[in-house]
Amino acid sequence: MDKFADCFAFTAAAEGGFSDSAADPGNWTGGAVGGGALRGTKFGISAAAYPQLDISGLSEGAAEEIYRRDYWNVIQGDALPLPIALTLFDAAVAAGPRRATGWLQQAAGVKVDGVMDANTLAAVSDESAGAVAQESLARRIEYSARLPGWSSFGLGWSRRFVALAGKIAA
């Protein structure tokens, strides 16, 4: 399996199928509970990020195209060691590429601007990949625990983080 396929498989499974929980701001086209239309999320593709998309009718293939174009290519996943690519890609889908790249930059000890650049790529090597991926995930967990949705969705997020930590440690 290639690197993108491995990362896509993990994140698509973690995100799951169609959900239209009214308590999830990502399910609303306006990005806030009650804001816009409740169109849901499928495979991690949300109405908030893609308000004009037919979320319930989204195929896995279409989600894969969106993932590659809007997340994988933006984080330069092909240039990253697998543990970092997996951690960064999953975070980019859940929280956006800029925020996810910022967590990676914090973990790697480089200037934090949320942009995947030559300095960031140079700071992550195969030798340090596991440790940097774990630190990046820890920063994501710390951030997520402060979100208003933690009381509703924190247990599910925690399960995802544990699964991700296991995968990057393997």
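The values are calculated or read from the model by the stated rules, or taken from the named source; none is laboratory data. As the structure is a computational prediction, the values presented were derived from the model and not from experiment. The area values use the complete protein model at the heavy-atom level, side chains included, leaving out ligands, DNA and RNA. Shrake-Rupley method; radii C 1.70, N 1.55, O 1.52, S 1.80 Å.
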query = When only alpha-carbon atoms count, how far does region 1-97 stretch along each of its three principal axes, as whole angstroms with the largest first?
reply = 40, 21, 19
request  = Using a Gaussian network model of the chain whose springs link C-alpha atoms within less than 10 Å, name the residue from 136, 21, 151 with the highest mean-square fluctuation.
outcome  = 151
Among 101, 87, 29: highest mean-square fluctuation, GNM of the chain, C-alpha pairs under 10 Å = 29
note = Relative contact order as a percentage, region 13-97, C-alpha pairs under 8 Å and 6+ apart, gives 19
note = Quotient of Cα radius of gyration and Kirkwood radius for the chain, i.e. Rg/Rh, equals 0.96
ask   = Remind me, relative contact order of the chain in percent, using alpha carbon pairs under 8 angstrom and six or more residues apart?
value = 16
query = Can you give the accessible area of residue 64 in Å² (nearest 10), computed on protein heavy atoms with a 1.4 Å probe?
reply = 70
